[in-house]
Every structure is written in C-alpha cells, then in structure tokens.
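To keep things clear, I will list the structure first and then write my remarks on it.
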Amino acid sequence: MSSEPILVERDGDVAELVLNRPERRNALDGPSRAALASALDELEKNPPRALLLRGEGKGFCAGRDLSDAEPLTEDGEAILAAMNPIIARLHGLRCPTVAAVQGPALGFGLGLALACDMVVVGESARIGSPFAAIGCVLDSGSHLFLTSRIGPARTLELVYTGRFLSGAEAVEWGIANAVHPDDELLGAARALAATLAAGPTEAFLLSKDLVARITGGGLTLHEVLAAEAAAQGAASRTHDYGEGITAFLEKRKPAFTGR
C-alpha cells in the first residue's frame, strides 16, 4: 500500500477513493485534506460510473486530525472554510457514490460518509457526534445529512448525548443502508459499487439531482411530479433507456453503457 494519505484506484468503471492514514484511524490533517481535494479534482475531470469511498485499517475516518490543533488561537471558521468545499464536491460528484464504513466515522469523517449517496457499514462502525465532549459543534454538513435521514429529534439526540451508534443501530435508525460483518464489508461494498456502475448511470444521476433538489429546496409534490417528468424525458433519450426497454421486451439482461 502506498504511503500517500489519499489514493484513487480505478478498476474498469469503478473508482475507489481511499483514506490511507490507518495509523491515525484516517484522521485528516492539513496535507491529507489537500490531497483529498486534489483527488476530487481528478474524479470531477474524469468521473467513474460509480465511486466507493473507504478507509484503510480499522477505522473509516476519525475526523480532523487534532494533533496540530491550537484551541486558544485557531480560527475554527477558517478551518471549516477549507474543509466544507470537500464535502460539497463529494456530495455533488457526477456518479453514484457508496461509503464503506468500519470503525469510527466521526466529525469530518461522518460528513464524508454521509455526503455519499449510500452508506454500508461494518458491525464495528461507530457513528455519532463526539463534539459535546469537547465543546464543539457538529459540522461537515452532518446536521442536514442526519436530519434528512432520521429527523430533527434523533439528530439532536446524537448531538446532545454524544452517543455512538453501532453498525446495526445505524441501519435500524436509517443512517446506513446495510450492515455486514467487518471481514465481509469491503467485498459487499465493492459488489454494490460494481452493480451500480453496470446500471443506467445517466438515469441514476437524474434521480440523484431530483433527491438533492427535494432535500435542499423543499419542492412541493407538483414540482416533484413535473421534475420527474422532465427527468424521464431526458432519460428516454439515452442509449441505456432504449437498451433497457429492448432487453425487457426480449426477456434478457440489459447491457448498460452509461450513455
């Protein structure tokens, strides 16, 4: 494994974005955050058909690396100003995205996981907000991501109590999509990403955009119906739409190309 803190590995239509500081539970310091931004540059210029975000070692991401923190002098707002674009860019990446979470996903790490379209977790996952213990505020978009998944009351429960959810609890609460034994998590996540990459990804992106508009803008039912109709019209002009309908009529599995 490379010593670089962030890796981008491609296998056909699937890319893996790897947090590679296992000795720090993949907590991200300034240089590693800069490397993550550079990796997103590459992915934005040449998007895969699906992305898997994962961490090396026993933890997904313990958040910001606080070893260089200067609590009495640092400007927390300035630090977040450098981190927040990473969350927004990952969330808006033009492909289906999956996070595979083992061990802690806290702070910035929780934001990274929840910025993905889907989250699969290992049984060892620890998901929550540790900030009550250090007098800080949950950040990295997690107020929005959690509220849209589990509602305001449960979001504030995690914030106020500092409780960490296990992988199974994260699925039960609706934060994650599926839980797997830790030694099966990566294989299951890779299989999911491969399945998404083999699908009609242009149509998937239309749905991704719709969901973003609904959660971000509070669209009415009539607006959603109109937006769905427009998206269906766009999808119907893709190669994959024709292939999907033809394959259905011919009773065979479709061969999607992402066009």
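The values are calculated or read from the model by the stated rules, or taken from the named source; none is laboratory data. This is a predicted model, so every value here is computed, not measured. Backbone-built Cβ (ideal geometry, glycine too); neighbour counts: all protein chains shown. With ligands, DNA and RNA removed, areas are computed over all heavy atoms of the protein, side chains included. Shrake-Rupley method; radii C 1.70, N 1.55, O 1.52, S 1.80 Å.
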* Structure fact -> In region 194-217, anything of a type in the set (D, E, K, R), closer than 21 Å to L146 by Cβ and open to solvent by less than 70 Å² (accessible area, probe 1.4 Å) is listed as K208
* Considering residues of region 123-171 that are of a type in the set (K, R) and within 17 Å of the chain's Cα centre (by Cα) only, the residue nearest to G216 (Cα to Cα) -> R149
* Per-region count, region 200-221, residues under 26 Å from A255 (Cβ atoms), within 16 Å of the chain's Cα centre (by Cα) and of a type in the set (A, V, I, L, M) -> 1
* Asked: For region 1-58, what are the residues that are of a type in the set (S, T, N, Q), over 16 Å from G92 (Cα atoms) and not in a loop (DSSP other than H, G, I, E, B)?
  -> S32
* Asked: In region 8-18, is there at least one residue being open to solvent by 30 Å² or more (accessible area, probe 1.4 Å) and more than 23 Å from A193 (Cα to Cα)?
  -> no
* Structure fact -> Looking across region 233-242 at residues that are of a type outside the set (G, A, S) and touching a helix residue (DSSP H, G or I) at 6+ places or on another chain (Cβ under 8 Å), the single one that is most open to solvent (accessible area, probe 1.4 Å) is Y241
* Would you tally the residues in region 88-109 being surrounded by 19 or more Cβ atoms within 10 Å (Cβ to Cβ) and either over 9 Å from the mean Cα position of the chain (by Cα) or part of a loop (DSSP other than H, G, I, E, B) (or both)? => 12
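Quick check, is G187 over 19 Å from P96 (Cα atoms), modelled with pLDDT of 95 or more and within 18 Å of the chain's Cα centre (by Cα)? Break it down stepwise before answering.
Working: over 19 Å from P96 (Cα atoms): no; modelled with pLDDT of 95 or more: yes; within 18 Å of the chain's Cα centre (by Cα): yes.
So G187 fails the test.
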* Residue by residue through region 116-138, note down the ones that are open to solvent by less than 50 Å² (accessible area, probe 1.4 Å), under 14 Å from A62 (Cβ atoms) and assigned to a loop (DSSP other than H, G, I, E, B). => S124, A125, S129, P130
* Structure fact -> Filtering region 19-48 down to residues that are loosely packed, with under 14 Cβ neighbours inside 10 Å and among the aliphatic types (A, V, I, L, M) yields none
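Would you confirm, using the coordinates I've provided, whether T220 is open to solvent by 50 Å² or more (accessible area, probe 1.4 Å) and among the hydroxyl-bearing types (S, T, Y)?
Here the answer is yes, as T220 does meet what is asked.
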* Asked: Restricting attention to region 167-186, does a residue exist that is β-branched (V, I, T), surrounded by fewer than 20 Cβ atoms within 10 Å (Cβ to Cβ), closer than 24 Å to S148 by Cβ and touching a strand residue (DSSP E or B) at 6+ places or on another chain (Cβ under 6 Å)?
  -> yes
* **Subset of region 147-184 (residues that are of a type in the set (G, A, S), modelled with pLDDT of 95 or more and closer than 23 Å to R54 by Cα)** => S166, G167, A168, A170, G174, A176, A178
